[in-house]
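Report on the structure given below.
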Amino acid sequence: MIKVKPIVIVFILLFVAILTIPSVLVLPFSHEKASGKIAEAEPKQDWEALLKEASPVDVSVYRSANDKVETVPLEEYIVGVVASEMPAEFEEEALKAQSLAARTFIVRQLMADQKPALLKGADVGDNQGYQVYTNDKELREKWGANYNKYIEKIRKSVYETRGQIVVYDNQPITASYFSTSNGYTENSEAYWTNPFPYLKSVESPWDTESKEFTAETVIPVAQFEEKLGVTVSSSEIGEIESRTPGKRVEKVKIGDKELTGREIRDKLSLRSADFSWVREGDDIVITTKGYGHGVGMSQYGANGMAKEGKTYEDIIKYYYQGVAISKADHLLEQYVVKK
């Protein structure tokens with residue numbers, strides 16, 4: 001039997017260790033690419049700070065709840081509008097499209113020569129007559145535990161479209177929008193007096209997925225008659241005489257009185273001007289399709305398009321016909337000079 005000296009055993013163990021240790025060290029990183037680079041997490045952005053830097057002007061907002069004027073950087077104002085007007089759960093491309101619509105609205109408002117007296121000198125109100133706006137403190141209360149997730153998502157969407165507006169003939173458009181269509185958007189002249197070439201009826205099939213797509217309203221016959229100024233017979237309520245390009249009710253004849261679909265929607269506080277009704281005893285049961293005036297961009301339609309992989313540019317140019325996306329810098333510079 002050959003005896004191995006202890007010093008030889010030590011050298012053998014050292015040699016094995018030299019060969020083995022590099023392999024052990026490399027093994028945990030063997031799944032990385034051949035480049036040898038270790039993947040790093042994307043650095044977290046301070047979207048709030050970036051939005052303040054990207055805001056060339058401030059916007060003064062009349063807060064109807066406390067009868068005060070609140071001043072915020074333009075892009076933070078857009079965040080407050082997007083967070084109020086569109087569900088935060090929506091796809092980012094839909095939120096970006098909403099950002100453009102909101103920014104276009106306020107730029108057009110800033111460029112207006114006159115401000116309504118009721119706003120106490122503010123640029124814009126905070127309700128549906130303008131755009132619904134909610135500030136950061138109010139959003140924290142509204143979203144609770146979801147605040148950080150939602151605010152980061154919306155700020156990111158706003159920042160990535162910063163300064164962009166929708167124009168037609170190089171002028172900011174009337175960027176109207178609404179919740180849910182009946183399957184079609186509406187021609188502007190079917191709802192307002194003046195036609196706008198970019199606000200034309202288009203199909204919007206994605207809206208059927210909206211929880212707001214159909215609704216039912218029950219109104220007592222006496223109240224129905226009083227609000228519309230009509231008399232309803234026991235069997236006949238009225239007849240729809242015509243429909244708009246967006247398939248909503250244009251004219252209805254009840255007895256000897258003719259009413260527009262919009263008049264009926266407004267007087268009965270219906271969700272849409274696409275309605276049908278039936279009498280059940282002493283009640284009129286009205287079924288509506290869609291939610292909102294129907295002119296411009298459907299928000300649920302925008303989200304449906306985004307789910308199919310469409311970009312915010314695709315969404316904007318689908319719902320606003322013949323428009324372009326442009327920077328608002330030159331217009332805001334004019335506003336600063338004029339101010």
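The values are calculated or read from the model by the stated rules, or taken from the named source; none is laboratory data. Worth saying up front: this structure is predicted, and the values here are computed from it rather than measured. So basically every Cβ, Gly included, is an ideal-geometry build from the backbone, and we count neighbours across all protein chains shown.
Let's see how each residue does on (1) farther than 21 Å from Trp47 by Cα; (2) under 11 Å from the mean Cα position of the chain (by Cα):
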residue: Pro73; (1), (2): no, no
residue: Val79; (1), (2): no, yes
residue: Pro87; (1), (2): no, yes
residue: Leu95; (1), (2): no, yes
residue: Gln98; (1), (2): no, yes
residue: Leu110; (1), (2): yes, no
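For Ala215, the stated conditions do not hold, so it cannot be described as buried (at least 19 other Cβ atoms within 10 Å of the Cβ), small (Gly, Ala, Ser) and within 30 Å of Ile315 (Cβ to Cβ). Could you say whether any residue in the range 132-139 is surrounded by fewer than 23 Cβ atoms within 10 Å (Cβ to Cβ), over 15 Å from Ala175 (Cβ atoms) and in contact with a Phe, Trp or Tyr (Cβ under 6 Å, 6 or more places away or on another chain)? No, every residue in the range 132-139 fails to be surrounded by fewer than 23 Cβ atoms within 10 Å (Cβ to Cβ), over 15 Å from Ala175 (Cβ atoms) and in contact with a Phe, Trp or Tyr (Cβ under 6 Å, 6 or more places away or on another chain).
For the residues Glu189, Glu138, Glu216, the requirement of being outside any loop (DSSP other than H, G, I, E, B) and closer than 27 Å to Val57 by Cα singles out Glu138. Close Cβ contacts (under 6 Å, 6 or more residues apart or on different chains) running from residues in the range 112-125 that are assigned by TED's automatic domain parsing to the domain that holds Pro73 and within 15 Å of Ala65 (Cα to Cα) to residues that are of a type in the set (S, T, N, Q) and crowded, with 16+ Cβ neighbours inside 10 Å comprise Ala122/Ser60; Val124/Gln109.
Lys317 meets the stated requirement of being without any contact (Cβ under 8 Å) to a residue 60 or more places away in the chain, under 20 Å from Lys200 (Cα atoms) and within 27 Å of the chain's Cα centre (by Cα). All conditions but one from (1) part of a helix (DSSP H, G or I); (2) surrounded by fewer than 17 Cβ atoms within 10 Å (Cβ to Cβ) apply to Ile154; the one that does not is (2). In the range 290-305, the residues that are farther than 15 Å from Glu203 by Cβ reach residues that are among the basic types (Lys, Arg) and assigned to a helix (DSSP H, G or I) with C-beta atoms within less than 9 angstrom, at least six apart or across chains, in these pairs: His293/Arg262; His293/Arg265. Those strands (runs of 3 or more DSSP E) of the range 258-339 in which at least 1 residues are in the same structural domain as Pro220 (by TED's automatic domain parsing), considering only elements entirely within it, cover 275-280, 283-289.
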